[in-house]
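Remarks on the structure that follows.
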Amino acid sequence: MRKSAIYLTITVINIALCSALFMHAAVRRKDAGKELASQANIVKEYQLTDLVLFTEARYTRHPSMADLNTPFQDYPFSFEHFPSGSLMPVPPGIRR
Amino acid sequence: MSLMVWIEKQRNLIDFVLSSLLRRKGKNFALIAAYILIVFVLASVMFLTHALKREASIVLRGAPEIIVQKMTAGRHDLIPKTYARQIEKIAGVSSAKTRLWGYYYDPLFKANYTLIVPELFKYEEGGIAVGEGVTRAGVTAEGNIMPFFSSDGKLMNYRIREVLPADSELVSSDLVVMSEADFRGLFGIPEGLVTDLAVSVGNPQEVLTIANKIKQQYPDTRPVIRDEIIRTYDAIFDWRSGILLVIFSGALLAFIIFSWDKASGLSAEERREIGILKATGWETSDVILMKFWEGLAISLTSFLVGLLLAYIHVFFTSATLFEPVLKGWAVLYPSFRIVPFISAYQIAVLFFLTVVPYTTATIIPSWSAATVDPDLVMRT
Amino acid sequence: MILHPAIIALLAGSALVAFMLLYSSWYGIEVIRKWDLRSGSELQLSLEKKTYLISTMMAYAMGFQLISLFLFVYTADSLCSLFTGAMCAAGTLNVNDFGYPVFLLKLVNFLFGGLWLVLNYTDNRAYDYPMIRKKYFFLIALMPLVLAEVFLQARYFFGLEAEIITSCCGSLFSSSDRSAAPGIFALPVRLSTGIFYGWHIFVLGLGVFFYKTGKGAYFFGIASLLLFFISGWALIQFISLYIYELPTHHCPFCMLKQEYGHVGYLYYISALAGCVAGTGVGMLQRFRHIASLEAVIPGIQKRLTIVSVTCYLFFMLAATYAMVFSGFRL
Amino acid sequence: MIVLDKIRKVFNQGMPNELVAVHGAALDLGSARFIVLKGPSGSGKTTLLSIVGCMTRPTSGRIILDSREISGLPERFLTKIRRETFGFIFQQFNLIRGVTALENVMVPAYPRGEKYSLLRDRAMALLELFNISRKAASRAEWLSGGEAQRVVIARALINNPSIIIADEPTAHLDTGLSHEFMEIMGRLHQEGKMIIIASHDPIVYESGLADMLVGMRDGRIESVRDLA
């Protein structure tokens, strides 16, 4: 077999796998309907506003409820020091 | 030139490219491995942040339309229930409900819980519903007793009556749901005061107007609009993948310089080889075309493999490698399977971020390789 | 400025394109000043080598340009949630004064770049490179446009601040008027459909006529250039209504979205390719009397004609399909 | 038919290390002849050979190949002529390492886009002709000197050229192989191919095969002897 034929076959397989990802994603999204509905239910029922992604500090737990000054509440000169704070800024929507 | 001839020519060139790539196996595999790693990390970040962003925007669509908080001396403060009755009278507001919620730090397990009071609590006083994450952190289960210390130092015991469904962990992991009386008792919050208000509006177009009216009527409050919350999440995750990208661009740049260097640092052997090709009948543009296929073989393979690995990483293993970053110092971390929201657009962005710079970096080197004089092989 | 991966990709990508064009223009100047094919001097030999680099760079630059055109629109679209009132790319582009100019410049630059590639391809088929100076003048003239695009794109993205209230496509491209689109676009539906089909068939006819007889290349070139604008106008004016099945949604960008099966790409790409190929036929007609090109040009023109006619035919069929199978009736 | 007219080739023009490799060479090489370019190393043989073979463009002067002037052609077109007209044999074998003997023979024809199976059959036939088809699958660096020499000749013939150009072909061969090489060249000449060899090896210019001997020194043509 020619080398180019082998390479093209591998590439076609690769592309097929990548399109399989899209199909897998579509199937999973369809299946996830229940999951998402369950989450949306909880959100509605308990009137939640945020995802439970960062529970290390109060203002990272509810970024939408936080203030610009939250990190400094403990002590006016303290710097914000939680790891997730280095990744996540204060939400811009709160600034006005 | 007919199409068949054209195809055959390209295949011949690919044959030759593969022969010469395989000849320098070590170096080329190192290059491909580095390339795959770059694509993998970038794609993982983009898949993860995009999927979370989409999930947040879908799930939070059920969040209250406007949250009204009272501010005292720049701090979030308890709000009197009377505000709710006044706000309900504003034209266009269909209801203004009170919300009671807060945080509780559990010294035993060093975890932060979010305590909330729903509008209607299914269980009698002394019963609570908790999120899956809480049972994990507190090593407890349905039917068990969970101890809390009240604001005046008393030990309060609550029985877990329900564990919230595991598939909702992304929003419920750290929740402790309890009755209003228990909540007030635990924190010593007097009747008549609540944490904040959830205002719903009949016509979604009027949300902004009504938020402004509330702000006018009660200058000491801060209305937070749901669209703002969703927008905030969008911005957070865009920002996050952007900043990671900027941090990562150092690595990307190093890689591009490496591939530039590899492509331009033609060894005497390679120069001679291209000299032979040109002397025996290859034209400069044939060599450029050959180099194009070489670049494509490397970048396309790395791109596709990196993409596959990233997908598996994010959506099959829930981004295990990123967990330390996402988790930070938190004790509670939701275990969630991320719903794969991916789009062709992300693939295009990734392509633009990885393949385009690589290709550009190799244009000039491959040209200078291709313009080796054919009589080079005769002169040496 | 919003730190979004796609924005970084676009800014970096257009910086690369600009760099490649600057580099090419720099050597273009040298080619214009010192080119002498009869000489075998080392300077001439090195200039000849440079032409390979410039051709390669331009080909890549055009490829990037095409991807970045769609990436730009798509990015604008995905950012719309950050702006109150923006519902798709149309709203986001309107956030500041630079959005639409960048979009238009991207289109124009793609068209000119495509024509340059046609010219370059033809010139390289002739043993004495008869158009070498002309094509490098063309390249240098293209330079300011590309730089303007890069500059305006940077201004646009740096000027984006979330939450500025903007008009969405609803108010931008529609009016309550029954005759659809506003301003200069407004024409009765029947008339505009007539113009769309009439001009299309006219161009297709010219193409077939040119292919058969080799006559009327200039007409065909100019007509197919005009057809590009007419197609774009028709897309906003009424084809969009059939795609969206809504009486007031005239947005030219939403059709690129998944909800509409990415059908917009078919329209954009076929119109762009049809325009470059068709206009290329007219452009090459100017050079057909050059001795070394006499044998080459007619063949290239014929192939370009086939491409152009096929693309435009495809555009027309796609539009007809949308009209016939749409649940919407004007 | 090849005619050279006032060919001049300068390297590093205008620099302190300027080098005039060929001084106004004028020569009518005729057609279908067996020509040997003779001269010490550095006499400009190789440069003249690469100009004749359309590899290098002269700084000034004209080359006429089959009554068409080709000196002013850009590389794009020169290459086409070179590929269709000339087959090259170099001083070193110049085989591509890590690639099989068969592929080495096929490589010059790759850009032509010929059907792969036809091309492979043609290459195999050539290897057969020189009795080394059993080595077709061996990598180039595993071939012995004699085998490599024959693969190189097969490669020069893959595009079916009318002229074969060889630059010091016997420099790295022992006496036996040098004689074998000249014998093959003689055979090809009899089949109607034009042969141009540059060499200062007596085995080549005293072989009795050449019908034209051109002497070179210091970039100038010193003598032209017609032996036909």
Among (1) without any contact (Cβ under 8 Å) to a residue 40 or more places away in the chain; (2) assigned to a helix (DSSP H, G or I), C:D36 falls short only on (2)
**Request:** Output yes when any residue across the range C:251-268 is closer than 18 Å to C:G113 by Cα and in contact with a helix residue (DSSP H, G or I) (Cβ under 8 Å, 6 or more places away or on another chain), and no when none is.
**Result:** yes
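Mind listing just one residue for me: the one in the range D:71-90 that is facing chain B (nearest Cβ under 7 Å) and buried (at least 19 other Cβ atoms within 10 Å of the Cβ) and, of those, farthest from D:K9 (Cα to Cα)? Explain how you work it out, then say what you get.
So in the range D:71-90, the residues facing chain B (nearest Cβ under 7 Å) come out as D:75-76, D:79, D:82-83, D:88, D:90.
Checking the rest, the ones that are also buried (at least 19 other Cβ atoms within 10 Å of the Cβ) come to D:75, D:79, D:82-83, D:88, D:90.
Working: D:E75: 16, D:T79: 19, D:R82: 19, D:R83: 22, D:F88: 21, D:F90: 20 Å.
Among them, the one singled out is D:R83.
Restricted to the range C:44-65, and to residues that are of a type in the set (S, T, N, Q) and more than 16 Å from B:F292 (Cβ to Cβ), which residue is surrounded by the fewest Cβ atoms within 10 Å (Cβ to Cβ)? First the steps, then the outcome.
In the first step, residues of the range C:44-65 are kept if they are of a type in the set (S, T, N, Q); the result is C:44, C:46, C:51, C:55-56, C:65.
Applying the additional criterion that residues be more than 16 Å from B:F292 (Cβ to Cβ) yields C:44, C:46, C:51, C:65.
Details: C:Q44: 18, C:S46: 12, C:T51: 25, C:Q65: 21.
Among residues in the range C:44-65 that are of a type in the set (S, T, N, Q) and more than 16 Å from B:F292 (Cβ to Cβ), the one surrounded by the fewest Cβ atoms within 10 Å (Cβ to Cβ) is C:S46.
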Counting only helices (runs of 4 or more DSSP H) entirely within the range C:189-295, those with at least 1 residues that are more than 23 Å from the chain's Cα centre (by Cα), over 30 Å from B:I342 (Cα atoms) and not assigned by TED's automatic domain parsing to the domain that holds C:F70 are C:189-213
Q) Quick check: anything in the range D:179-195 at negative phi, touching a strand residue (DSSP E or B) at 6+ places or on another chain (Cβ under 6 Å) and small (G, A, S)? A) no
Scanning the range C:66-94 for residues that are surrounded by fewer than 21 Cβ atoms within 10 Å (Cβ to Cβ) and more than 11 Å from chain B (Cβ to nearest Cβ), the one farthest from the chain's Cα centre (by Cα) turns out to be C:M87
Restricting the range A:21-48 to residues that are surrounded by fewer than 13 Cβ atoms within 10 Å (Cβ to Cβ) and among the small types (G, A, S), the one farthest from B:S335 (Cα to Cα) turns out to be A:A26
Within the range B:2-29, the residues that are at the interface with another protein chain (Cβ under 7 Å from one of its Cβ atoms) and either in contact (Cβ under 8 Å) with a residue 12 or more places away in the chain or under 19 Å from B:L289 (Cβ atoms) (or both) are B:V5, B:W6, B:E8, B:K9, B:R11, B:N12, B:L13, B:I14, B:D15, B:F16, B:L18, B:S19
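Yes/no per residue for (1) without any contact (Cβ under 8 Å) to a residue 12 or more places away in the chain; (2) in contact with a strand residue (DSSP E or B) (Cβ under 9 Å, 6 or more places away or on another chain):
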{"site": "B:L31", "(1), (2)": "no, no"}
{"site": "B:E55", "(1), (2)": "no, no"}
{"site": "B:I67", "(1), (2)": "no, yes"}
{"site": "B:A73", "(1), (2)": "yes, no"}
{"site": "B:I79", "(1), (2)": "no, yes"}
{"site": "B:E88", "(1), (2)": "yes, yes"}
{"site": "B:L120", "(1), (2)": "yes, no"}
{"site": "B:G126", "(1), (2)": "no, yes"}
Has the range D:24-46 got any residue that is surrounded by 19 or more Cβ atoms within 10 Å (Cβ to Cβ), assigned to a loop (DSSP other than H, G, I, E, B) and of a type in the set (A, V, I, L, M)?
no
Selection from the range D:105-126 of residues free of Cβ contacts under 8 Å to residues at least 12 places away in the same chain and either surrounded by fewer than 17 Cβ atoms within 10 Å (Cβ to Cβ) or not in a helix (DSSP H, G or I) (or both) yields D:G113, D:E114, D:K115, D:S117, D:L118, D:D121, D:A125
Restricting attention to the range C:118-137, the residues that are crowded, with 18+ Cβ neighbours inside 10 Å and either without any contact (Cβ under 8 Å) to a residue 12 or more places away in the chain or part of a helix (DSSP H, G or I) (or both) number exactly 9
Sole miss for D:R57 among (1) farther than 30 Å from D:R139 by Cα; (2) more than 7 Å from chain B (Cβ to nearest Cβ); (3) outside any loop (DSSP other than H, G, I, E, B) is condition (3)
Scanning the range C:85-109 for residues that are out of contact with any Asp or Glu (no Cβ under 6 Å at 6 or more places or on another chain) and in a loop (DSSP other than H, G, I, E, B) gives C:G85, C:A86, C:M87, C:N94, C:V95, C:N96, C:D97, C:F98
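Can you tell me which of B:E125, B:E119 is facing chain A (nearest Cβ under 9 Å) and among the acidic types (D, E)? Even if it seems obvious, please write down each step before you answer.
Values: B:E125 fails: facing chain A (nearest Cβ under 9 Å).
Going through B:E125, B:E119 in turn, the sole match is B:E119.
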Per the list (1) over 26 Å from D:P202 (Cβ atoms); (2) within 20 Å of the chain's Cα centre (by Cα); (3) buried (at least 21 other Cβ atoms within 10 Å of the Cβ), residue check on D:D66 breaks on (3)
If we ask which residues in the range C:271-306 are among the small types (G, A, S) and surrounded by 21 or more Cβ atoms within 10 Å (Cβ to Cβ), their number turns out to be 6
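Would you point out which residue out of B:G250, B:G242, B:G185 is surrounded by fewer than 22 Cβ atoms within 10 Å (Cβ to Cβ), assigned by TED's automatic domain parsing to the domain that holds B:F148, out of contact with any Phe, Trp or Tyr (no Cβ under 7 Å at 6 or more places or on another chain) and without any contact (Cβ under 8 Å) to a residue 60 or more places away in the chain? Step through it out loud before you land on a result.
On the way: B:G250 fails: assigned by TED's automatic domain parsing to the domain that holds B:F148; B:G242 fails: assigned by TED's automatic domain parsing to the domain that holds B:F148.
That would be B:G185, the only listed residue that is surrounded by fewer than 22 Cβ atoms within 10 Å (Cβ to Cβ), assigned by TED's automatic domain parsing to the domain that holds B:F148, out of contact with any Phe, Trp or Tyr (no Cβ under 7 Å at 6 or more places or on another chain) and without any contact (Cβ under 8 Å) to a residue 60 or more places away in the chain.
Inspect the range B:73-89 for any residue being part of a strand (DSSP E or B), on the phi < 0 side of the Ramachandran plot and at the interface with chain A (Cβ under 8 Å from one of its Cβ atoms) and give the result as yes or no. Spell out how you get there, then give the answer.
Keep residues of the range B:73-89 that are part of a strand (DSSP E or B), which gives B:75-77, B:79-80.
Filter once more, keeping what is on the phi < 0 side of the Ramachandran plot: B:75-77, B:79-80.
Filter once more, so that each one left must be at the interface with chain A (Cβ under 8 Å from one of its Cβ atoms): B:75-76.
Yes.
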*Going by the conditions given, is C:Y27 of a type in the set (F, W, Y), assigned by TED's automatic domain parsing to the domain that holds C:R125 and touching a residue at least 40 places away in the same chain (Cβ under 8 Å)?*
no
The number of residues in the range D:33-42 that are away from chain B (no Cβ under 14 Å) and closer than 23 Å to B:A279 by Cβ is 6
- Query: For A:L8, are the conditions met, namely being at the interface with chain B (Cβ under 7 Å from one of its Cβ atoms), at pLDDT 75 or above, in a helix (DSSP H, G or I) and out of contact with any Ser or Thr (no Cβ under 9 Å at 6 or more places or on another chain)?
  - Reply: no
In the range D:164-183, anything touching a residue at least 40 places away in the same chain (Cβ under 8 Å) and either surrounded by fewer than 16 Cβ atoms within 10 Å (Cβ to Cβ) or polar (S, T, N, Q) (or both) is listed as D:A171, D:H172
Exercise for the section: Report yes if some residue within the range C:44-65 is in contact with a Leu (Cβ under 9 Å, 6 or more places away or on another chain), polar (S, T, N, Q) and touching a residue at least 60 places away in the same chain (Cβ under 8 Å); otherwise report no. Expected result: yes
A:T60 meets each of (1) exposed (fewer than 15 other Cβ atoms within 10 Å of the Cβ); (2) more than 7 Å from chain B (Cβ to nearest Cβ) with one exception, condition (1)
Matching residues in the range B:333-380 (within 14 Å of chain A (Cβ to nearest Cβ) and of a type in the set (G, A, S)) number 4
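The values are calculated or read from the model by the stated rules, or taken from the named source; none is laboratory data. Given the structure is predicted, the values throughout are model-derived calculations rather than measurements. Because the Cβ atoms are built from the backbone with ideal geometry, glycine has one as well, and the counts that use them run over all protein chains shown.
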